[in-house]
Amino acid sequence: MIYGARTSGDLCFKGEFEEMSKCDDLSCHLTIDVEEEDWAHNVGFVPQMLLDLNPSPENTIVITCGPPIMIRFVLENLKKLGFADEQIYTTLENRMKCGIGKCGRCNAGGMYVCKDGPVFSYAVLKDIPEAFA
Ligand code: FES
């Protein structure tokens, strides 16, 4: 798991995740965007950390959520690492407004994110350019 935020203060459950990152049985990697004093983990963006960790696509699925710009670069890097479209899942809940299929705000590629998702495989989303706009 890669968990990133702009600052360490933006990390939810920071203490719990820091404990998880010390456990050899779990693969939990923390990163923040900018250097901070006393920060003992990675500094940098999630998409670059993904490339640096170089996870094998064998027997693996990826679930990614966060700001659309981050998701877009994570998707690019997952493709560079050899992940198939069907191994990648992401959420588009940021497109939702009413959440009950009434406002049309979440429409993407003829789907309503609130009714048809909000979690989709990249195999479904890759041909919908507005999905990550
Ligand atoms: S959020 Fe309003 S229709 Fe989906």
Inside region 78-112, the number of residues satisfying the requirement of being within 6 Å of the ligand (Cβ to nearest atom) and buried (at least 16 other Cβ atoms within 10 Å of the Cβ) is 3
Matching residues in region 17-71 - criterion: being closer than 23 Å to Phe120 by Cβ, of a type in the set (Ser, Thr, Tyr) and in contact with a Leu (Cβ under 9 Å, 6 or more places away or on another chain) = Thr64
Within region 13-25, can you find the residues that are loosely packed, with under 11 Cβ neighbours inside 10 Å and within 18 Å of Met49 (Cβ to Cβ)?
-> Lys22
Pairs returned, first residue in region 103-125 that is touching a residue at least 12 places away in the same chain (Cβ under 8 Å) and on the phi > 0 side of the Ramachandran plot, second residue that is among the small types (Gly, Ala, Ser) and away from the ligand (no atom under 13 Å from the Cβ), beta-carbon separation under 8 angstrom, 6 or more apart or interchain, are Gly109/Ala131
Being surrounded by fewer than 14 Cβ atoms within 10 Å (Cβ to Cβ), more than 16 Å from the ligand (Cβ to nearest atom) and under 25 Å from Ile32 (Cβ atoms) narrows it down to one of Ile63, Ile71, so name that one.
-> Ile63
Among the residues of region 116-133, which ones are assigned to a helix (DSSP H, G or I) and surrounded by fewer than 13 Cβ atoms within 10 Å (Cβ to Cβ)?
-> Pro129, Glu130
Taking region 113-125 only, how many residues are more than 16 Å from the ligand (Cβ to nearest atom), among the hydrophobic types (A, V, I, L, M, F, W, C) and under 14 Å from the mean Cα position of the chain (by Cα)?
-> 0
Pairing a residue in region 88-100 that is of a type outside the set (Ser, Thr, Tyr) with any residue that is part of a loop (DSSP other than H, G, I, E, B) and buried (at least 19 other Cβ atoms within 10 Å of the Cβ), where Cβ atoms lie under 8 Å and the two sit 6 or more apart in sequence or on different chains, gives Leu92/Cys106; Leu92/Gly117; Glu93/Gly117; Arg95/Cys106; Met96/Cys106; Lys97/Cys106
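A short reminder: the numbers here are calculations on the coordinates, not readings from a lab. Note that the structure is predicted; figures quoted are calculated from it, not measured. Don't worry about glycine lacking a Cβ; one is built from the backbone with ideal geometry, like all the others, and counts go over all protein chains shown.
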